[in-house]
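What follows is a single structure, written as structure tokens, with notes after it.
Every read-out reported here was derived from the displayed coordinates using simple, explicitly stated rules and does not represent laboratory data. What you see is a predicted model, and the numbers here were worked out from it, not measured in a lab. Neighbour counts run over all protein chains shown; Cβ positions are idealised from the backbone, glycine included.
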Amino acid sequence: MLNLRKSVFLLLSAGVLSACSLAPKYERPSVPVATSFPTEPMTSASNPSGVTAETGWRDFFQDPRLQVLVESALANNRDLRVAALRIEEARAQYNIVAADLLPNFNAAAGGSRGRSSGATSPIGVSGVTNVYQVGLNLAAFELDFFGRVRSLNEAALSQYLATEEAQRAAQISLIAEVAKAYLAERAFAEQQELAQNTLKARETGYRLAQQRFEVGASSALDLRQNEVLVQTARASLATLVRQRAQAQNALTVLTGRPFAELPPARSLSEQNLMADLPPGLPSDLLTRRPDIRASERQLIASNASIGAARAAFFPRISLTAGIGSASTELGDLFEAGTRTWSFVPQLVLPIFDAGRNRANLTLAQVRNNIAVANYEKTIQVAFREVSDALVARGAIDEQIDAQRRVLEAQAERLKLAELRYQNGVASSLDVLDAQRELFSAEQTLVQARLLRLTNAVDLYRSLGGGLNEKATR
């Protein structure tokens, strides 16, 4: 009995501790992008604030109203709930696979009662027999000499870690989407206010034009031109009301619940989101962006699967054992002489499987190549997102500065046109055209400001920031 226990212990130790691995040595693929980001156009309007990828989202988005929306989205968004449940699913799957690394022992107790036939009995007499058993059993435990189970465990662990990274990526994307939806709603609100003020001014002008037409001081053409401006403003206002309502609905879906009261909102000009590129090469994105880390975890899992597929070509050794007591009488179950034991090692050597193992290995290798391509593509997409945001940032600042000057010029033009019209030097068409151009310039400036803010959000997200609430100081 002592020798049996010693043999079982040695075999289990060999299977658990000395398993080799047939998986290829993992090497991170080379980064398929340039060694540096394109230099952004620097302008006098640029005002970097030194924000880095580690800045918390509360530090970056300082609008109290937006902070409440982001906080609600992180707590109530249904997509994030699914992502969290995916983590639980992956953790459970990993625990199932990891259990195969250790032997499973079961306590068993049973009994049987049966009548034997006299025709089959050695002594020719029929009888009733009872058998009672109790013991500790070792289920078929694979001695993982070639690392098949260990490779499957490594693959399951990498899949679990990839799921965690995917959830972090989903959180960062959600924060960015909430911010962009909120900024869009603020832009529509400002444009709506401009449209309302413009409509009131044009309605006043239309009434004056109607009075002048009734007394014969202006033509029907002037009246119709004023009417066109009024209806155009009404159409613009109706469009903006619809767009703002739709933006609010989008925010409700993202945040997971409607809001009755929110802190006062800030205008676009008060947001001042300026993201500066932190020092470092594009390779730094490999540690910052969770989607890249998730893709690499998938690659590590596929690499480990190759090891499991290779191990299938080698013998599989399993061990079944048990120790206990058996007796024909329940009361004598633990008496002397009732002890039983069994030791059943088994070796299975694949000889002919119609190419199944070869096909499984080919499948694992192809999936690994696919994982490499996906990993490289993820890096390329990340590099492009950062590059696009950097290239656009300086140009957008220049665009806002130019558009502001256009607005100022259009406002001055309207004053001069009205003055010339009152002195009889210019026609009413000049005034109407100046009003139309001023309204267009106001709307375009709001859109340009929105573009600059969404560009900052895109750069912040593409650098992998936004997950932590507070920056590490």
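Packing, as the average of other Cβ atoms within 10 Å across residues, places the peptides 140-151, 243-254 in the order 140-151, 243-254, highest first. Put the Cα centre of region 411-460 next to the Cα centre of region 333-347 and the gap is 95 Å.
Scalar couplings 3J(HN,Hα) for region 160-177, obtained by applying the Karplus form with A = 6.51, B = -1.76, C = 1.60 to θ = phi - 60°, are 5, 5, 5, 5, 4, 5, 5, 5, 5, 4, 5, 5, 4, 4, 5, 4, 5, 5 Hz; x denotes Gly and Pro. With a ≥ b ≥ c taken as the square roots of the eigenvalues of the C-alpha gyration tensor of region 304-375, please select rounded if a/c is under 1.5 and otherwise prolate if a/b is larger than b/c or oblate if it is not? Judged from the Cα gyration tensor, region 304-375 comes out prolate (a/c at least 1.5, a/b above b/c). A simple rule links phi to the HN-Hα coupling: the Karplus curve 6.51 cos²θ - 1.76 cosθ + 1.60 with θ = phi - 60°, which for region 327-339 gives 7, 7, 10, 4, x, 9, 5, 10, 7, 5, x, 9, 6 Hz, with x for Gly and Pro. A P(r) calculated from all alpha carbon pairs of the chain, with 20 Å bins opening at zero, reads 17, 31, 24, 15, 8, 4, 1 percent. What the pair-distance distribution of region 160-318 shows, using all Cα-Cα distances binned every 5 Å from zero, is 1, 7, 9, 10, 10, 9, 9, 8, 7, 6, 5, 4, 4, 3, 2, 1, 1, 1, 1, 0, 0, 0 percent. Based on C-alpha pairs under 8 angstrom that are at least 6 apart in sequence, the chain has a relative contact order of 30 percent. How would region 319-452 be classified by its alpha-carbon gyration tensor: rounded, prolate or oblate, with rounded meaning a/c under 1.5 and the a/b versus b/c comparison settling the rest? It comes out prolate by the Cα gyration axes. Averaging 1/r over each pair of different alpha-carbon atoms in region 112-224 and inverting the result gives 25.0 Å, the Kirkwood hydrodynamic radius.
Both the radius of gyration and Dmax for region 232-272 are 13.1, 36 Å, in that order, over alpha-carbon atoms.
Averaged across orientations, what area in nm² does the convex hull of the alpha carbons in region 391-456 project?
On the way: hull surface 17.0 nm².
Approximately 4.2 nm², given one-decimal rounding.
Couplings for region 375-385, taken from phi via the Karplus curve 6.51 cos²θ - 1.76 cosθ + 1.60 with θ = phi - 60°, read 4, 5, 5, 4, 5, 5, 5, 4, 4, 5, 4 Hz in order; Gly and Pro are left as x.
Cα extents for region 70-134 along the principal axes, largest to smallest and rounded to whole angstrom: 85, 25, 18. Every helix of 4 or more DSSP H residues in the chain counts as -39500 (n - 2.57), and over all residues that averages to -22000 deg cm²/dmol at 222 nm.
Assigning unit charges at the beta carbon (Lys, Arg +1; Asp, Glu -1) and nothing else, what dipole magnitude in debye, to the nearest 20, does region 316-473 show about its Cα centre? List each step's numbers first, then the result.
Details: 19 positive and 19 negative charges, 79 e Å.
With Lys and Arg at +1 and Asp and Glu at -1, about 380 debye.
Put simply, the amide H of ALA139, placed in the peptide plane, has neighbours under 5 Å in ASN104, ASN106, leaving out anything fewer than 5 places away on its chain. Under 5 Å from the amide H of VAL33 lies no amide H of any residue 5 or more positions distant or on a separate chain, with H modelled from the backbone and absent for Pro and chain starts.
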